[in-house]
Amino acid sequence: MVRQGLLPTFALRMLTVLLVWLITAFVTTTLGVAAFRIARRCGIAGADHLPAPEWLSLVGLALITALLQIWSLVAAIDGWAQTAVGLGAVALLGLHWRPVLALWRAQWPTRWDVPAKAGSFLLLLLLGWLLMFGAQLPINYDVGLYQLQTLQWTERYPAVPGLGNLHGRLAFNSGLYLPMALLRLHTPHGPAYGLSSYLYPLLAVVVVRALVTAMRNPEADARRVWVPLLLFLLLMFNFQVWLSSVTADCTTAALLALTLLWYSLHPPAKATEAQRLLLLLLAALAVSFKLSALPILLLPLYATWVHRAEDRWPRTWLLPLGLGLLLGLPWLARNVVLSGYLIYPLPFVDVFDVDWKLPYEYARMEHSMVVNLARNSAQSPYALPRQTLWEWLPNWWAPLRGFWGVMVILALGSPLVAAWRWRHPRTPDEEGWAGAWLVAWLGCIFWFVAGPDFRFGAGFIISAAVWPWAGPRWLGPAQRGAIAYLPWALFTIWVMHNLRDHLYFVRTQPMRFAQRIVLPELPPVPATVQLPIAPGLQVRVPRTGHQCWGAELPCVHCVEEGLELRGATLAEGFRRRYPAPAGK
């Protein structure tokens, strides 16, 4: 029987989602302020100026993910981890309470003029819009297939050697699940998660801050307002129905957009050392969330290269390298523990010989499955992707209608517009926008070759599609008078239009809406069957379908041949053993 108290639910009450966001903001922003204060004492140029809280929160999220990568190698991310991080955040707040208090006081308007009132109204609308979607039932298929199971393994055990032998996708080592497991709330109905949608409120704050600033003072470069606004709208259009799911796709897309935006707003020629290190943290965090974000590392690499002659080479290169290794090495170590491979599911990166390693052919099939399904290839998902471009391209393009198709065409064809837009990038600002577009476009090419499923590359695709078209003299931010309110007015009308369905839901089903506020709606829980696989090992499988959702561990959609325990407990991991050939 499945115990209801152990069922993670993502159809969370809106107040619970909001509480998760507030706790996350407190912990990560406090850690971000502390990191900048330490950097200032270490002589990092520019660290005496704190960025806005939304960027400090991303700094804290990157650092806490790196720490959890190390913690998870030796201990579960359970209540003890939550207690340790909570006490650590309180201790840091006690040490740095003055800058933290000054930071939050600075966010409160000194005068409630028209821009402040308009911005506050819009921010409330945006948060309500996001909370509505964050409180719905999850519809992403992978949530029930393996992602809820991944969270349960993370919360109950340290990194389990050979966990991928139980189910290959349990070895997909997304760093997002570590802070998500940490920043969960315990409810009578099960753990409540909200981190997968957290970056969208941060992006909303970036948008509103830019709008309010432009309404008060004409903005010389309209892209500072229009680009984040368009990014938010397009990302929400694509991912809004997934905000209640724990998938890393929507989170990584928002993180990529924020990273590209930070680079554009702080081009390498003008960026301080602290701003360049912040860029590195964002890029490394994105790659740890999703390997398809790998090209984003070109941004901090180029930013470091630009400043190579300013200081001695140890200061220029070793500090970013050390910070990158702090984030990267524990992630690679988790890969080895979970699968036996340095990077899974890339079987050709095979440098270790451990008893829990997934069979090479199985790892190859997992990689082939990712590529073939992304290409919508007309062959077995597990076969080597041998089709030529002209063979798989028609099948791949067939479902890309409407929004997806338009974005892909605009992104892949963006060099035609970019060649005209940046034919003479004479200023550092223009070089920043052009460089961010170039990396986004290279990310699109990487996505197209590696696995062209839209959700894998949405952050790159939408950014590459928007960047060249946005001009510095677009209407609104650069003008005075009523026209300066144009972006705010259009955005507000669009958000209110998108709230129509939710208001209809409130009007026609008030009781269900009230229950969604105070009680969670549990996702479907399948009936499971226990199968004895090996001595001391029983595995659950769904009685029907392929999704385990939050069933008791261990649960998979099918049992792999030769699966056995490495020791006496689940924590000691899994391995494969095959029967000897007949006659031997």
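The values are calculated or read from the model by the stated rules, or taken from the named source; none is laboratory data. Note that the structure is a prediction, hence the values are computed from the model and not measured. Here Cβ is always computed from backbone atoms with ideal geometry, including for glycine, and neighbour counts include all displayed protein chains. For the accessible areas, the whole protein counts, side chains as well, though only heavy atoms, and no ligand, DNA or RNA atoms are used. Shrake-Rupley method; radii C 1.70, N 1.55, O 1.52, S 1.80 Å.
Miscellaneous remarks
- The simple Förster model, with R0 at 56 Å and r as the Cβ-Cβ distance, assigns A220 and A568 a FRET efficiency of 0.25.
- Whole-Hz ³J(HN,Hα) from phi, Karplus 6.51 cos²θ - 1.76 cosθ + 1.60, for segment 289-306, glycine and proline x: 6, 8, 5, 5, 7, 3, x, 5, 5, 5, 5, x, 5, 5, 4, 5, 4, 4
- Heavy-atom accessible surface of segment 282-437: percent carbon and sulfur, 1.4 Å: 67 percent
- Förster-model FRET efficiency, 30 Å R0, Q107 and L298, C-beta, rounded to 0.05: 0.40
- Within the accessible surface of segment 187-270, defined with a 1.4 Å probe on protein heavy atoms only, the carbon and sulfur portion equals 61 percent.
- Carbon plus sulfur fraction of accessible area for segment 15-125, probe 1.4 Å, in percent: 72 percent
- With all protein chains modelled, accessible area of E361 [1.4 Å, Å²]: 100 Å²
- For the chain: Kirkwood Rh in Å [reciprocal of mean 1/r, alpha carbons]: 25.1 Å
- Cysteines without a disulfide-compatible partner [the chain; Cβ-Cβ under 4.7 Å]: C42, C250, C444, C558
- Calculated accessible area for the chain comes out at 43 Å² per residue, all protein chains present (probe 1.4 Å; ligands, DNA, RNA ignored).
- Under 15 Å of direct C-alpha separation, and excluding same-chain neighbours fewer than eight residues apart, K290 reaches these aspartates and glutamates: D142, D249, D453.
- When peptides 292-304, 97-109 are sorted by average Cβ neighbour count within 10 Å, with the highest value leading, the order is 292-304, 97-109.
- The chain, relative contact order in percent, only Cα pairs under 8 angstrom and at least six apart counted: 22 percent
- The H on the amide N of A192, modeled in the peptide plane, is under 5 Å from the matching H of L185, H186, T187, each at least 5 residues off or on a different chain.
- Long-range Cα-Cα pairs in segment 176-307 (distance over 22 Å), rounded percent: 45 percent
- Efficiency of FRET between A383 and M496 - r from beta-carbon atoms, R0 51 angstrom, step 0.05: 0.55
- For segment 282-409, the square roots of the Cα gyration tensor eigenvalues, ordered a ≥ b ≥ c, give a/c of at least 1.5 with a/b no greater than b/c, which places it in the oblate category.
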